[in-house]
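Peer 1: For reference, the structure I am asking about is given below.
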Amino acid sequence: MRPILALLLLLLAAMAPSAAQAETGYDLWLRYQPLPEQRRAELRDEARYLVAQGSSDRLKVAAQELVRGMSGLQSGQLAVATSVDAPGAIVLGTPESSALVASLNLPLATLGTEGFLIRSVTMNGQRATVIAANRDVGLLYGVFALLKRAQLGESLRNLDISDRPKLQLRVLNHWDNLDRHVERGYAGQSIWDWQKLPGYKDPRYTDYARANASIGINGTVLTNVNANADVLRPEYIQKVKALAEVFRPYGIKVYLTARFSAPIEIGGMKTADPLDPAVAAWWKAKIDEIYAVIPDFGGFLVKANSEGQPGPNDYKRSHADGANMFADALRPHGGVVMWRAFVYAAENPDDRHKQAYTEFEPLDGKFRDNVLVQVKNGAIDFQPREPFHPLFGAMPKTPLMMEFQITKEYLGFATHLAYLGTMWEEVLQADTFRPRKGATVAKILEKPVDKGAVTGIAGVANIGSDVNWSGSQFDQANWYAYGRFAWDPEAKAEPIARDWARMTWGNDPAVVDPIVSMMMRSREAVVDYMTPLGLTHLMATGHHYGPGPWVADLARPEWNPVYYHKADANGIGFDRTASGSNGLGQYAPPLVRQWGDRKKVPEELLLWFHHVPWEHRTKSGRSVWDELVVRYDRGVDEVKRMQAQWDALRGKIDARRWEEVRDYLAIQHDEAKWWRDASIAYFQSVSKRPLPVGHAAPPHDLEHYKAIRTPYAPGSGE
Ligand code: GCU
C-alpha cells in the first residue's frame, strides 16, 4: 500500500466512531452513542423532528439536549420544525408557551413546578410525542426522561408517563476550597477555577449542569463546609454570579457556605454573636448584597460549633439562635439556611453517637420555617455501615434534610469499586417507628412538617477536575444514584444501577448483568474487609487511608479507633445499650427492644450496639472471633470475584475505560488484603485466639502493619 493512502486510512479509522474508540468517561451517562441498526431505524421513525414552542433559556437548553441526544442515538441530525405536519414530532412546551400543548388540555395540575408529562398523542392528524410541564424546568426533566428511554433502547410509542420529584431541595455539597483543594476529594482539583472566573466560564460548567439536570439535582453549594469568609467578598460574589448564570437555565441554584465568624474576619467587627443587632445587620446587608447580584441565590449551608468551626455556642447561644439569624435575613429573598447537625465536642465525655441528638432534639420547633437541619445518614460519620441517625423521626416540627456522602472518604477513595446505592436504600428504607411503624426515613424526608414546609436532601460531591469527573468510572454511578434517590427516596438501588450501567457501558446484557451484579455486592464487600459486624471508624488517622484499628494516642478520645471497637481480652464492641452509653435509647422503643437484644439485633449492627465476649455465638454458629475472620476473608474474596467478572468483559468494553477499571480493581484487591491482614493481626493480638481452620495467618506481624505510613495520601492534614 502506498504510504499516503495508508496514512489516510489510518486517519479515517481514528475518526470513525466505534465502540472500540477510546472513551475517557467524560461523557458520563449522557454518551448518546448510536443505537444498534434496527433500533436506530425505529427511533428515527418515532422521533423525526422537534417542535419546541417557547423562548426561555430553559426551553432552549432542553431543546438543544433533545437534538443532541436524539441525533447521537440515531446517528443523524434531528430536524427542527415549527409545526406538526408529519408523523414523528416531539412537541415540547408548557401550556403558556405552546398553543399546541395548551390545545391538548393535559392533566398537569398535580405535577407541581418541576414535574412533567410525556404522552403519545395525535396532533393535526399526525402521530406525535408531547413533553409538557407547568414550568420550563419540568420540560428539561421530561427531555432527559425521554432521552433515557431512548438510550435504554426502549420504544417511544404508546407513552403515558408523568413524574415529579418527591423532595424540593436536591443539592450537592462541594467541599471545595478557594485554592481548588477539595476536602475529601479524590477526583483532582475543584472544578471551580476561581482565579479565571468570572472572565472565563469553562465549558465544563455547562456539562456539569447538564449532568446534574439529567438526574434532577436543582442546587449546588459551591464551597466547603469548613468555610472561608472570603467567598462573601464582593469580588467572589461576581464569580459566583458567573456560575449561577451558567446553571440557571438548567434549573440549578447556587448556595454558599457561611462562615459564622465572617463579621469579624471580613466585617471588622468584634463579635459574631447572633443576638447582637449589629451582627444581624451585617449579615442582612451581606445577604441583600448577594441577592442584588444573584436574584435567585439559594441560601447558606452552615457548619457551626463542629470540629473547630465557630458558631453560636461561642457566645452561649443555641444552634437555633444562630440559624434563625440567617433565616430572618434570607426570608425576604426566598432563601433557606441548611444548618448542619454534625456536632460533637472534645470536652463532652458522652458517647459521640449521642451528641447531635442531645443537642438538637430539644430545639425541635425552635427554628424558623426556612431552616432545614441537615443530618448525616448515621450518627458517627459516613462509615461503610451505620444505623440511621436517631434524629430522623425525632424532630417532627423541623424540616430535616438527609446528608449523604457521595465521595468515598471511608469506602476506599476513588479506587475501590463501591456502589453506594445499596447503602442509601438501606438507610432510606429503615423504619424509624416514629411516630409509628412504617415511618421510614424516606417518608420522613418526603413529608413536609407543615403545609408548604420545605423538604430536601444533600450529597457531598465526588466531582473534580479529573477527565472522568469522579476519580473513577464506577464512582460516576454514585453521583448518578444520588440524583435518582434525591428525586425519589423510595427508589431501589438495583434498577438505578442497571440504568446507569446501560447508559454508561452499553445495552448488551452480557455487559450489563455482570456489571450490575458487581455493583450490587460491592458495598457489602467493603464492609466485610474494613468494618464487619457493626465495627466502625477503624481507618488510619487524618486521611483515613488504610487500616488503623490500633490507634490510641490521639488527643480527642473519639478520634481513636480503639474508642469505637473497645476490643479487650474479653471481647469486642461498643455497648450502647442501657448498661453502656445508652445511645440506643435515642431510638424508638421497638428498635430499643430489637437492637438491645444480642440475639435479635441484625448481625450487621452487633458490635455497634453491644460489647460481646469473643466466644459469643453468631447466627452461623461460629464465635464472634471466628466470624470476624470469616468476614474479612469474604470481603477479599468478593473483590477477587469482581476482578474475574471484569476480566471476562475484556473486548466487550472500550479499552481505555476497561483497563482503568481493571487496574483499580487490582489496587482494591491489594488494599482489601491489607485491611484484612492488618485487622486480623491487630485483633488477634488482643483476642489471643487461633484463626479458624482454613483461614491463613497474615503474612506479617502486627508491627509491620503499624509501621506503614502514607503521609501524603489524599486527605492528609484535613
Ligand atoms: C468528616 C470529614 C471532614 C469533614 C466533616 C464534616 O469528619 O473527615 O473532612 O469536614 O466530616 O462533615 O464536617
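What follows draws every value from the coordinates through simple rules; no lab data is involved. Note that the structure is predicted; figures quoted are calculated from it, not measured. Cβ sites come from the backbone with ideal geometry, for glycine too, and all protein chains shown count toward neighbours.
Peer 1: Treating cross-link reach as a plain straight distance, find the lysines whose alpha-carbon is under 18 Å from the alpha-carbon of Lys316, omitting any fewer than eight places away in the same chain.
Peer 2: Straight-line reach from Lys316, under 18 Å: Lys270, Lys303, Lys366.
Peer 1: Would you mind classifying the chain by shape? Square roots of the alpha carbon gyration tensor eigenvalues, ordered a ≥ b ≥ c; an a/c under 1.5 is rounded, otherwise it is prolate if a/b is larger than b/c and oblate if not.
Peer 2: On the way: a/c = 1.73, a/b = 1.25, b/c = 1.39.
It is oblate, given that a/c is not under 1.5 and a/b is not larger than b/c.
Peer 1: Please name which of Ser190, Ser318, Ala414 has its Cα lying farthest along the dipole of the range 169-499 towards the positive end, using unit charges on Cβ (Lys, Arg +1; Asp, Glu -1) and the Cα centre as origin.
Peer 2: Of Ser190, Ser318, Ala414, it is Ser318.
Peer 1: A follow-up question, please. Please report, in debye to the nearest 20, how large the charge dipole of the range 372-421 is about its Cα centre when each Lys and Arg carries +1 at its beta carbon and each Asp and Glu carries -1 there.
Peer 2: Working: 4 positive and 4 negative charges, 22 e Å.
My answer is approximately 100 debye.
Peer 1: I would also like to ask the following. Mind listing the phi-derived Karplus ³J(HN,Hα) values for the range 259-275, rounded to whole Hz, using 6.51, -1.76 and 1.60 with θ = phi - 60°, and x for any glycine or proline?
Peer 2: Using θ = phi - 60°, the values come out as 7, 4, 8, 3, x, 7, 6, 10, x, x, 8, 8, 9, 10, 4, x, 8 Hz.
Peer 1: Report relative contact order for the chain in percent, whole number only (criteria: Cα-Cα under 8 Å, sequence separation at least 6). Each step should come with its number before you reach the end.
Peer 2: On the way: 1408 pairs, mean separation 82.8, N = 718.
The normalised contact order for the chain reaches 12 percent.
Peer 1: Residues with amide H under 5 Å of Lys253's amide H, sequence separation 5 or more or different chain, H placed in the peptide plane at 1.01 Å from N; which?
Peer 2: Gly219, Thr220
Peer 1: Right, here's the next one. Pull up the DSSP beta bridges for the range 8-163 and report the antiparallel fraction as a percent, rounded to 5. Before the final figure, lay out each step's value.
Peer 2: On the way: 11 of 22 bridges.
Expressed as a percentage, antiparallel bridges in the range 8-163 total about 50.
Peer 1: Another one. Identify the trypsin sites (Lys or Arg not before Pro) of the range 512-586 meeting these criteria: DSSP loop state and at most 16 other C-beta atoms within 10 Å of the C-beta. Don't skip to the end; give the middle numbers.
Peer 2: Values: sites: Arg521, Arg523, Lys566, Arg576; in loops: Lys566, Arg576.
Sparse-neighbourhood loop trypsin sites (Lys or Arg not before Pro): Lys566.
Peer 1: If R0 is 35 Å, what FRET efficiency do you get for Glu615 and Ala555 from their C-beta distance, rounded to 0.05? Let's see the in-between values first.
Peer 2: Values: r = 35 Å, r/R0 = 1.00.
According to the calculation, E is roughly 0.50.
Peer 1: Placing one identical point scatterer on every Cα of the range 8-163 and ignoring solvent, what is log10 I(q)/I(0) from the Debye formula at q = 0.10, 0.20 Å⁻¹?
Peer 2: Here the Debye-derived log intensity ratios amount to -0.36, -1.24.
Peer 1: Name the long-range amide H neighbours of Gly456: under 5 Å, sequence gap of 5 or more, or other chain; modelled H, no Pro or chain starts.
Peer 2: Gln168, Leu169, Met402
Peer 1: About the Cα centre, and with charges only on the beta carbon of Lys, Arg (+1) and Asp, Glu (-1), how big is the dipole of the range 8-163? Nearest 20 debye, please.
Peer 2: On the way: 14 positive and 15 negative charges, 33 e Å.
The dipole magnitude comes to about 160 debye.
Peer 1: Going Cα to Cα from Lys443, which lysines come in below 20 Å? Please leave out same-chain ones fewer than 8 positions away.
Peer 2: Here the lysines satisfying the reach criterion relative to Lys443 are Lys166, Lys376, Lys397, Lys451, Lys492.
Peer 1: Amide H of Val91 versus every other amide H placed in the peptide plane: which residues, excluding those fewer than 5 positions away on the same chain, fall under 5 Å?
Peer 2: Val51, Thr129, Val130, Ile131
Peer 1: While we're looking at this one, here's another question. Explain nothing, just compute: Karplus ³J(HN,Hα) = 6.51 cos²θ - 1.76 cosθ + 1.60, θ = phi - 60°, for every residue of the range 108-115 in order, whole Hz, x for Gly and Pro.
Peer 2: Running phi through 6.51 cos²θ - 1.76 cosθ + 1.60 with θ = phi - 60° gives 9, 4, 8, 8, x, 7, 10, x Hz.
Peer 1: Would you kindly state how much longer the chain becomes between Asp296 and Lys688 on full extension, computed as 0.36 nm times their sequence separation minus their alpha carbon distance, in nm to one decimal?
Peer 2: Working: separation 392, 0.36 × 392 = 141.12 nm, distance 6.20 nm.
134.9 nm is the gain from fully extending Asp296 to Lys688.
Peer 1: Could you tell me the distance between the Cα centroids of the range 410-427 and the range 154-168, to the nearest Å?
Peer 2: The two parts, judged by their Cα centres, are 28 Å apart.
Peer 1: I'd like the trypsin sites (Lys or Arg not before Pro) in the range 231-318 restricted to DSSP loop residues with at most 13 other Cβ atoms within 10 Å, sorted by number. Mind dumping the intermediate values first?
Peer 2: Values: sites: Lys239, Lys241, Lys253, Arg259, Lys270, Lys284, Lys286, Lys303, Lys316, Arg317; in loops: Arg259, Lys270, Lys303, Lys316, Arg317.
For trypsin sites (Lys or Arg not before Pro) across the range 231-318 that sit outside H, G, I, E and B with at most 13 neighbouring Cβ atoms in 10 Å, the list reads Lys270, Lys316.
Peer 1: Separate question: Can you grab the distance from the C-alpha centre of the range 383-401 to the C-alpha centre of the range 56-113, Å, no decimals?
Peer 2: If we compute the Cα centre of each part, the gap is 40 Å.
Peer 1: Another one. What order do you get for 138-151, 180-193 when each peptide is scored by the mean count of other beta carbon atoms within 10 Å, highest first? Before the final figure, lay out the partial values.
Peer 2: Details: 138-151: 23.9, 180-193: 21.4.
So the order, starting with the most tightly packed, is 138-151, 180-193.
Peer 1: Placing +1 on the Cβ of each Lys and Arg and -1 on the Cβ of each Asp and Glu in the range 169-499, which of Val337, His181, Trp424 has its Cα farthest towards the positive end of the resulting dipole?
Peer 2: Most positive-ward Cα: Val337.
Peer 1: Contour minus end-to-end for Arg233 and Thr271, with contour as 0.36 nm per residue of separation and end-to-end as the Cα-Cα distance? Don't skip to the answer; put the middle values down first.
Peer 2: Numbers: separation 38, 0.36 × 38 = 13.68 nm, distance 1.84 nm.
Result for the pair: 11.8 nm of gain on full extension.
Peer 1: I would also like to ask the following. Given 0.36 nm per residue, what is the gain on full extension from Gln126 to Arg149 after removing their alpha carbon distance, in nm?
Peer 2: On the way: separation 23, 0.36 × 23 = 8.28 nm, distance 2.17 nm.
My answer for the length gained is 6.1 nm.
Peer 1: Related question: Return the aspartates and glutamates within reach of Lys619: Cα separation strictly under 12 angstrom, same-chain partners fewer than 8 residues apart disregarded; answer none if there are no such residues.
Peer 2: The qualifying aspartates and glutamates are Glu603, Glu604, Glu627.
Peer 1: What is the Cα centroid distance between the range 234-287 and the range 550-610, reported in whole angstrom?
Peer 2: Taking the Cα centre of the range 550-610 as reference, the centre of the range 234-287 is 41 Å away.
Peer 1: Given Cβ point charges of +1 (Lys, Arg) and -1 (Asp, Glu) and nothing else, what value in debye, to the nearest 20, does the dipole of the chain about its Cα centre take?
Peer 2: Values: 83 positive and 84 negative charges, 222 e Å.
The calculation lands at about 1060 debye.
Peer 1: Through the Karplus equation 6.51 cos²θ - 1.76 cosθ + 1.60, θ set to phi - 60°, convert the phi angles of the range 277-291 into ³J(HN,Hα) values in whole Hz; use x for Gly and Pro.
Peer 2: Per-residue couplings from phi come out as x, 5, 5, 4, 5, 4, 5, 4, 5, 5, 5, 4, 4, 5, 5 Hz.
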